[in-house]
Structure formats: C-alpha cells, structure tokens
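Only one structure is covered here, and it is reproduced in the block below.
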Amino acid sequence: MQGLQETPGDLFEIHDSEIDPVQIMAQIRERIQRRREELGYPRQTFPTFGAAAYPGKPEGEEYDPDLYYYLRQANEHYYQLNVEMILVSSPRSRIPVIGPLLDRIRREAHNLVLFYVNKLTQRQVTVNRYLVSTLNRMAVQIQEQQRQIRALQEELRKLRGEA
C-alpha cells in the first residue's frame, strides 16, 4: 500500500498532500457532535483522571501563607489512615493452658475489628483525595481570580487617571 506507513503511536500515517487527517478527524468530531445535538443527547463532560496536584506557592505574587501551609499538609497526609494492631500484654496471658488460648482469641478479635476499620479508612482516603483535589483546584482558581482582580483594579486606576 503506497502512502501508508505504520507508526508506533498511530494506527497508520497518511503521506498524501491532498489528505489532511487532522482536518478529517475534526470534521468527524463536528458531525458526531451535531448529530448528538439533533438527537437531544445531553452534553457530557468527564473529569480528568487522577487527583489535582498540590499547586505550590505562587511565585512572585502575594498569597496567604497559612492557606498554602495547610494545603500542603493536607496533600501530604490525606492518605495516612491505616490502623495497626497494638496489643498490650495481659496478666491473663500467664494463666497456664488458658492464657495462650485467651491471647489468640484476643488477637483474632482485634484482627477482625482492624479488618473492618481499615476497609472503612480506604473509603475515607478516597473521600479525602477528592476533597484535597478540590481544595488544590480551588487554590489555583483563587490565585487566578486574584490576578484578574489586580489587573482590573490597575485598568480602573488608569481609566480614572490615577496612575
């Protein structure tokens, strides 16, 4: 097949000056979108995968140091909820024959509780990740809004002739 060559990232590559694959794909996407609108499909937006990363302190701008301190702390610790067993020795452990049996029952009861507590903490970590991601995105948006406010204030000062 002349004009077709496989590449690692694409299904195939077209080497023909009259064919523009990017334009063709744009037309296909446009037609699909138009058809969906004609049929009344609701417009769907899907979230990006992964948690929103800690934005870091803004460089060269004013910011609230407390906000970024606590935001960094939340990012570093939101997933640290695993609970481990802490079993203190009991005087009953020294009872002959029954002591080791009581210790084993006690250890297994603790393991059962830890199993369910850790299952619950896994769900809590997921919620925490969502909340911390939301806070990260909000911090970025707030900083951007602050930039826009400063720019608008400067423009207003110029318009008033205060500059």
| message | Give me the net charge for the shell around THR121: Cβ to Cβ below 14 angstrom, other residues only, Lys and Arg +1, Asp and Glu -1. | response | +2
| task | Please find the FRET efficiency linking ARG137 to GLN23, where r is the Cβ-Cβ separation and R0 is fixed at 41 Å, and quote it to the nearest 0.05. | result | 0.75
| message | Give me the extension gain from GLU61 to LEU120: residue separation times 0.36 nm, minus the current Cα-Cα distance, reported in nm with one decimal. | response | 17.2 nm
| task | Please give the calculated 222 nm ellipticity per residue for the chain, where each DSSP H segment of at least 4 residues contributes -39500 (n - 2.57) and the sum is spread over every residue; nearest 500 deg cm²/dmol? | result | -21000 deg cm²/dmol
| PRO91: net charge of surrounding residues, Cβ under 13 Å, Lys/Arg +1, Asp/Glu -1, itself excluded? | +2
| To the nearest 0.05, what FRET efficiency results for ARG107 and HIS77 with a Förster distance of 30 Å applied to their C-beta separation? | 0.55
| Residue-count net charge about MET138 - beta-carbon cut-off 14 Å; Lys, Arg +1, Asp, Glu -1 | -1
| By per-residue mean of other Cβ atoms within 10 Å, what is the highest-first order of 123-134, 83-94, 108-119? | 123-134, 108-119, 83-94
| Do any chymotrypsin sites (Phe, Trp or Tyr not before Pro) in the stretch 49-78 lie in a loop, going by DSSP, with at most 13 other beta-carbon atoms within 10 Å of their beta carbon, and if so which? | PHE49
| Descending Cα extents along the principal axes, the chain, whole Å | 90, 69, 36
| Positive-end residue of TYR70, ALA151, VAL97, charge dipole of the chain with Cβ unit charges | VAL97
| task | Determine the per residue accessible area of the stretch 55-122 with all protein chains present and a 1.4 angstrom probe, expressed in square angstrom. | result | 82 Å²
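The values are calculated or read from the model by the stated rules, or taken from the named source; none is laboratory data. The shown structure was predicted, so the numbers you read here are calculated from the model rather than taken from an experiment. For neighbour counting, all protein chains shown are included, and Cβ atoms are generated from backbone atoms with ideal geometry for every residue, glycine included. For the accessible areas, the whole protein counts, side chains as well, though only heavy atoms, and no ligand, DNA or RNA atoms are used. Shrake-Rupley method; radii C 1.70, N 1.55, O 1.52, S 1.80 Å.
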